[in-house]
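Just so it is clear, none of the values below were taken in a lab; they were calculated from the coordinates. Keep in mind that what you see is a predicted model, and the values were worked out from it rather than measured. With ideal geometry, Cβ positions are generated from the backbone for all residues, glycine too; neighbour counts draw on all protein chains shown.
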Amino acid sequence: MIQLRLVMLAAATVAAVAATAVLAQTESALRGATPINSEGPAAPMPPPRNSADTEIRNYPEQPPLIPHSIEGYQIDLNSNKCLSCHSRARTGESGAPMLSITHFMDRDGQVLAAVSPRRYFCAQCHVSQYEVKAPVKNDFVDIDSLLNNTQSGDRR
Ligand code: HEC
Ligand code: HEC
């Protein structure tokens, strides 16, 4: 019994040390040289990426990224700036792509005449992009690369 407890204690210690190491790594990347018990200066706001280019989706279900700046665009009970360009009736003059049909569906898949309330707050799913260097390393691999690896016999 005592031995089991010791093993469990050892395992917990190893886990805690590993977690601290990961945290320290992330922290140092995000905080720079600022010690953990003080607050550093806020980083300057990076410029938004503002182009007419379509951002490639990273996976098929991804809400498309917003390729333009949305600074000052209000979305509240009374108005929705996004809809002033993206709603069905406005796309003619704005040249913006219309919201797809899923934005008109309620949770039962019933298609409504107007944008569904659960799709009203656009920025819940769509985000604009900023010119930043990722502070933490990211080894995301596109699904096409994964599929290619599998097909070429790399089945680990
Ligand atoms: C002044 C008109 C205008 C407003 C307001 C506007 N957009 Fe756009 N949006 C566009 C146009 C035009 C495009 C097509 C790409 C381009 O020209 O930048 C676009 C592209 C997009 C796309 C990319 C679609 C795709 O298939 O890649 C998304 C997502 C989007 N906008 C979301 C939003 C959201 C969310 C808001 C509100 C926060 C918003 N837009 C406000 C005009 C507008
Ligand atoms: C709950 C998440 C969610 C919300 C909220 C949402 N969208 Fe989307 N949007 C998506 C997803 C997922 C897609 C891609 C699949 C699809 O078309 O349904 C998409 C696609 C789009 C597209 C591309 C349509 C096309 O045919 O290429 C535009 C433009 C867009 N959304 C604009 C908006 C605007 C404007 C709002 C706010 C009125 C909004 N979305 C709210 C998830 C969301």
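A few points about this structure:
- Average Cα contact separation per residue, the range 46-130, under 8 Å, 6 or more apart, as relative contact order %: 32
- Net charge contributed by nearby residues that have their C-beta within less than 11 Å of residue 84 (K/R +1, D/E -1): +1
- Fewest-first ranking of 49, 88, 57, using other Cβ atoms within 10 Å as the exposure measure: 57, 88, 49
- In terms of its C-alpha gyration tensor, the range 46-130 has a prolate overall shape, because the principal axis ratio a/c (a ≥ b ≥ c, square roots of the eigenvalues) is not below 1.5 and a/b outweighs b/c.
- Restricting the trypsin sites (Lys or Arg not before Pro) of the range 97-155 to loop positions (DSSP other than H, G, I, E, B) with no more than 15 neighbouring Cβ atoms within 10 Å leaves 107, 133, 137, 155.
- Summing +1 for each Lys or Arg and -1 for each Asp or Glu among the other residues whose beta-carbon sits under 13 angstrom from that of residue 122 gives +2.
- For the range 24-125, the list of GluC sites (Glu not before Pro) that fall in a loop by DSSP and count at most 13 other C-beta atoms within 10 angstrom reads 39, 61, 71.
- Within the range 32-137, the chymotrypsin sites (Phe, Trp or Tyr not before Pro) that combine a DSSP coil assignment with at most 14 other C-beta atoms in a 10 angstrom radius are 121.
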